[in-house]
Amino acid sequence: MPLLSPALDLRPILFVLGWLLTVLGGAMLVPLFVDLALGHPDWTSFLASAIITGFTGFSLVLTMRGRTLVLRRQQTFLLTTSAWVSTGVFGCLPFMLSEFELDFAGAFFETISGLTTTGSTVMAGLDTAPPGILLWRSILQWLGGIGIIGMSLVIFPFLRIGGMQLFKTESSDTTEKILPSVGRLGVAISLVYLGLTILCTLAYWAAGMTGFEAVLHSMTTLSTGGYSNHDSSFAYFEEGAIHWVGIIFMTAGSLPFALFIGALLGRPMMLFGDRQVKMFLAFLALASLAVTASLMITEVDLDFGEALTLATFNVVSIVSTTGYASADYSLWGGFVVVFVFLLMVVGGCTGSTTGGIKMFRLDIAWKLYGGYIRNLLMPHAVNVPHYNGRPVTDELGRAVLLYIFLYLATCTALSLALAMLGMPALEAASSAFSAVGNVGPGLGPIVGPVGNFADIPDTAKWLMSFGMLLGRLEFFTVLVLLSPNFWKA
C-alpha cells in the first residue's frame, strides 16, 4: 500500500504555488521602483527578495508545467494551506533584508498578519520608515484581501467548510443572474475591488491625506487589514472627514463583493435586500450608538459629533476586523473594554475581506436557538429555520455550530498558551481573539491600540501566526491536514 494517496499528487499543487510565487516576486518590484525613484538604498532588499522569490516560483512553473489543474478535494485542502504558508515565507524576505532587519519570527509574523489582513504589527518607527517597506505592507494586505474573497466564494463552499456550502448555491444563483460563469464573476469582483480601492484613494486624498498616505491606507482599508504608515494609526489624522472616509470604506470591505456587482448593474436590492447585509449594518449602528452613549457619559469634554466619530470609527474598525485605531479605547472605561472584547468575535459578511465568526453564522446559530426553543414548547410542530428564504438543513446547522465551537476553543487554547509564556491575562486573551479573528490590536498597554507586538516572546509570535492562519483558513482547511487518514484516503 502506498504511503500517500494518488489523490495527493503534489505536481499540480507545486505548479500553482510556482505561479503564486512568481506573482509575489513581481509584486516586489513595485516597492523596489518606489525606493529607487526616491533614492532610498532599501531598494536592494526588494531586488534580492524578488530574485529569490521569482526564481523559485518560475522554476516550479517550468518543471511542473503540463500537469492537470483539475484538483481533487484533498489536493485543494493542501494547496490552500501551503499557498498561504509559502507566500508568508517568501513574503517576509523584504522585512528581513531591509533596514528593519527583523528576525524570521518577527518577519513571518508581520507577513502573515498582512496576508491574512490581521493588521497586528511588530514594527515601530513607521513614521520614518522607508517608503518601499511601507508600500510592501499595504500590498500584502491588498493581495491578501482579494485572495480571501476568492477563497470564501469558490474554495470554502467547495470544501463545505463551516457552513459555507450554503453560499455555494447562493453564489451560483447570483452568478446565473449577473454573469454567465464563475470565472467572469471572479474578474468582475476583482474589478470592483480595484475600483473601490481607487475611489477610496481619491476620497482619502480629498479629505486631507497626502497622495502616498491615501494609496497606502486605501489598500489596507478595502482589505480590512489596518496597516498604517503611522505608529499612532488614525489618531495621527485630525480631520474628521478622513475618519468618515475610513468608516465608509471599511464598511464596504465588510460586505459581500459578489453582491456589489448586482448593485452596480442596477439591482441594488441584491445587496441591500440581503439579510446578512441588513443584519450587519444594523449591528454596526447599534454598537456605535452604544459606545457613543458611553463616551458621552464618561468623557464629558466631548460633544456628540466628536463622540459619534470616535465611537463609530473604532467600532467599525473592530467589527470589520480592520484594526485601525483613532484613540486608545482601552481607556474608555470598563464597559467599552468588555464590549470591544466581545466585538472582536463578530466579523463582517461572508464573501468579504473580514475575519471573525461572520454575521451569517451568528444569525444561523440564533435561528437554531429559536427553533430549539419552539420545539421545546411545541414538540409536535414542524419548525424548520430559514435563512434568506432557504431552509437551514441539519448538516448546515452542525457545520455552523462546530465552526463556532472550534473558533472559541482555539481562542481559549491560544489564550492559555500566551498566558503561560508570561503575557498578562487581558493581553493574552485579547491577543488570542485578535489573532484568530484577524482583528489586529489587542487590549492593554503593550499590545493595545497604541502599542504593538514587538516585545512579546518569539514563541508567542509563532503561536499567534498559527492562530491567524487557522482563523483565516476557517480551521478545517488546516486541521484536516493533521489527520493521518488525510494522507492515506
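So what is the diffusion coefficient of the stretch 34-127 in µm² per second by Stokes-Einstein at 25 °C and 0.890 mPa s, using a Kirkwood Rh over Cα pairs?
161
For the stretch 347-487, what Kirkwood radius comes out of the mean inverse Cα-Cα distance, in Å?
16.9
By its C-alpha gyration tensor, with a ≥ b ≥ c as the square roots of the eigenvalues, how is the stretch 210-281 shaped: rounded for a/c under 1.5, else prolate for a/b larger than b/c, else oblate?
Prolate.
Tell me, what is the Rg over Rh of the stretch 366-446, with Rh the Kirkwood radius over Cα pairs?
The Rg/Rh ratio comes out at 1.21.
Gap in Å between the Cα centre of the stretch 356-408 and the Cα centre of the stretch 203-244?
39
Looking at the square roots a ≥ b ≥ c of the eigenvalues of the Cα gyration tensor of the stretch 233-389, which shape do they give, rounded for a/c under 1.5, prolate if a/b is larger than b/c, or oblate?
Cα axes put the stretch 233-389 in the oblate bin.
Name the longest site-free stretch of the chain, where the excluded sites are GluC sites (Glu not before Pro) in a DSSP loop with no more than 16 other beta-carbon atoms within 10 Å.
300-489
Given the whole protein assembly as supplied and a 1.4 Å probe, what does the accessible area of S232 come to in Å², nearest 10?
For S232, solvent-accessible area is about 50 Å².
Using the Cβ atoms and a cut-off under 15 Å, what net charge is assigned to the surroundings of T117, where Lys and Arg are +1 and Asp and Glu are -1?
That works out to +1.
Ignoring any ligand, DNA or RNA, what whole percent of the accessible area of the chain comes from carbon and sulfur when the probe is 1.4 angstrom?
Of the solvent-accessible surface of the chain, carbon and sulfur hold 71 percent.
Might you tell me the accessible area per residue for the stretch 28-137, computed with a 1.4 Å probe and given in Å²?
On a per-residue basis, the stretch 28-137 sits at 40 Å².
Within the P(r) computed for the chain, what percentage of the Cα pairs occupies the region above 34 Å?
33
The values are calculated or read from the model by the stated rules, or taken from the named source; none is laboratory data. On a predicted model such as this, the values are computed, not experimentally measured, just so you know. Every residue, glycine as well, gets a Cβ built from its backbone with ideal geometry; the counts of neighbours run over all protein chains shown. Surface areas here come from the heavy atoms of the whole protein model, side chains and all, with no ligands, DNA or RNA. Shrake-Rupley method; radii C 1.70, N 1.55, O 1.52, S 1.80 Å.
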